[in-house]
1. With (1) closer than 18 Å to MET91 by Cβ; (2) in contact with a Phe, Trp or Tyr (Cβ under 9 Å, 6 or more places away or on another chain); (3) touching a residue at least 60 places away in the same chain (Cβ under 8 Å) as the list, and LEU31 as the residue in question, which single condition is left unmet?
2. Condition first: in a loop (DSSP other than H, G, I, E, B) and either on the phi > 0 side of the Ramachandran plot or surrounded by fewer than 16 Cβ atoms within 10 Å (Cβ to Cβ) (or both). Now tell me which residues in the range 5-25 satisfy that.
3. Taking the criterion of being touching a Cys at 6+ places or on another chain (Cβ under 9 Å) and in a strand (DSSP E or B), would at least one residue in the range 52-73 satisfy it?
4. With the requirement that a residue be within 22 Å of LEU17 (Cβ to Cβ) and of a type in the set (D, E, K, R), what does the range 57-89 give you?
5. Does SER47 satisfy the condition of being of a type in the set (Gly, Ala, Ser), out of contact with any helix residue (DSSP H, G or I) (no Cβ under 9 Å at 6 or more places or on another chain) and in contact (Cβ under 8 Å) with a residue 24 or more places away in the chain?
Amino acid sequence: MSTQEPGVICDFSIYPLDKGASLSSYVARSLTIIEASGLPYRFGPMSTAVEGSYTECMELMGRCFDAVAGDCDRVAVNCRLDFRRGRVDSMSCKIASVEKRVGKPLKK
């Protein structure tokens, strides 16, 4: 993460609306790019969360969009950003905080 730019968690999904019900091959395109970025991420059944600077996350999301949209006529993008000044490793901290209050590890 850039030392001059505050960190964010960027939770997003990008998927075509014109390619039928099975979209895993399009999701795989994005995950390949996310994995190669080196940024911390968590893949989930409905979206993927990435942690980095605002610029890193937006550029990464743009590359994922380009990879999906290349052969699609209609693409949906859902994105949520969480900014917290001074926080590093925020994804892990958020999960650990909830697990502490629940009193046990939760399924990931």
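Derivation of every value follows stated rules applied to the coordinates shown; laboratory data play no part. From a predicted model like this one, the values you see are computed outputs, not experimental measurements. FYI the Cβ positions are ideal-geometry reconstructions off the backbone, even for glycines, and counts take in every protein chain you see.
1. (3)
2. Result: GLU5, PRO6, LEU17, ASP18, GLY20, ALA21, SER22, LEU23.
3. Yes - at least one qualifying residue is present in the range 52-73.
4. Across the range 57-89, the qualifying residues are ARG63, ASP66, ASP71, ASP73, ARG74, ARG80.
5. Taking the combined requirement at face value, the residue satisfies it.
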